[in-house]
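The values are calculated or read from the model by the stated rules, or taken from the named source; none is laboratory data. Because the structure is a prediction, the values reported are computed rather than measured. Methodologically, a virtual Cβ is constructed for each residue, glycine included, from the backbone with ideal geometry; neighbour enumeration extends over all protein chains shown. All accessible areas refer to the heavy atoms of the entire protein, side chains included, with ligands and DNA or RNA removed. Shrake-Rupley method; radii C 1.70, N 1.55, O 1.52, S 1.80 Å.
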Amino acid sequence: GVVTGRLLMSLAKWLVKREPKLFGQINLVRLATPLYIVMPVLAVFLALRTAAPEIMATPVFSAIVKVASVGLLYWLVIRIIDIVTVAISRRYDISVADNLRARRVRTQITVIKSITNVIVFLLALATVFLMFDTLRGLGVSLLASAGVAGLAIGFAAQKTLGNLLAGIQIAFTQPIRLEDAVVVENEWGWVEEITLTYVVIRLWDWRRLV
C-alpha cells in the first residue's frame, strides 16, 4: 500500500514536471496525506480478506471494513476534486483589468464543484447502503412508498429545488458572474459567491446581501 501510494505520487510529480502549463498549479502536498493513508489501509483490508477470511466473516469487523473503505475512498476523491478545481481556478486571474473570461470560468468551476461533491456523497452513501442487507431492504421499502413520500418531499422542497435549478442555470447561462457589479433590492455591490442555492453580494459598505 505504501509503495502504491508512492508510485502514484511519483506519477503525479512526473506529470507536473512534464506538463507544467497543464498541471503546474496542482498542490501535490495536499494530495500526499490522503494518498499515503488510503492506499496502505485498503491494502491491509485486502490482505486480511485473503489471508484471514474468518476475521472478515465477523459481522462487526466486516461492517467496519466496508464503511471505512468507502469513507477513505470518498475522502480521497473529494480531496482530488478540491485540488483540481483550485488548480484550474489559479490559472484564471480575476484581479486583472480584462477578467471577463476568468470570472466566467471561475463561476462555472464553483458551481460544478458543488454539484460534483453532492453526487460523490450520494454515490458513497448509496454504496454503503447496498453493502448491507438490512439497509438494502430499507431502500426497497422506501421505493415502494416513493409515491406519497415523493409528493411530500417535492412539495416541501419546492423552493430549494427551484433554487438548485437556478444555481445550475446561472453556472451555464451566466446572467451574473463572480465580481460582477450589480444592483439588487436598491443596493449595489459585487457578486462575491455563487452557490447552488444562493448568491452573496458584497455591498459597497462591506455588508453582505444573500
In the stretch 62-91, which residues are in a helix (DSSP H, G or I), of a type outside the set (A, V, I, L, M) and closer than 30 Å to residue 21 by Cβ?
75, 79, 82, 85, 89, 90
Evaluation of residue 23 against (1) in contact with a helix residue (DSSP H, G or I) (Cβ under 7 Å, 6 or more places away or on another chain); (2) modelled with pLDDT of 85 or more (one fails), failing number
(2)
Which members of the stretch 172-189 meet the condition of being outside any loop (DSSP other than H, G, I, E, B) and open to solvent by less than 50 Å² (accessible area, probe 1.4 Å)?
182, 189
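Per-residue answers, yes or no, for (1) open to solvent by less than 50 Å² (accessible area, probe 1.4 Å); (2) in contact (Cβ under 8 Å) with a residue 40 or more places away in the chain; (3) out of contact with any Asp or Glu (no Cβ under 7 Å at 6 or more places or on another chain):
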| residue | (1), (2), (3) |
| --- | --- |
| 35 | yes, yes, yes |
| 38 | yes, no, yes |
| 45 | yes, no, yes |
| 53 | no, no, yes |
| 65 | yes, no, yes |
| 92 | yes, no, yes |
Got at least one residue in the stretch 118-131 being within 12 Å of the chain's Cα centre (by Cα), of a type in the set (Val, Ile, Thr), surrounded by 14 or more Cβ atoms within 10 Å (Cβ to Cβ) and within 18 Å of residue 198 (Cα to Cα)?
no
Subset of the stretch 194-210, residues in a strand (DSSP E or B) and surrounded by 14 or more Cβ atoms within 10 Å (Cβ to Cβ), comes to 194, 199, 200, 201, 202, 203, 209
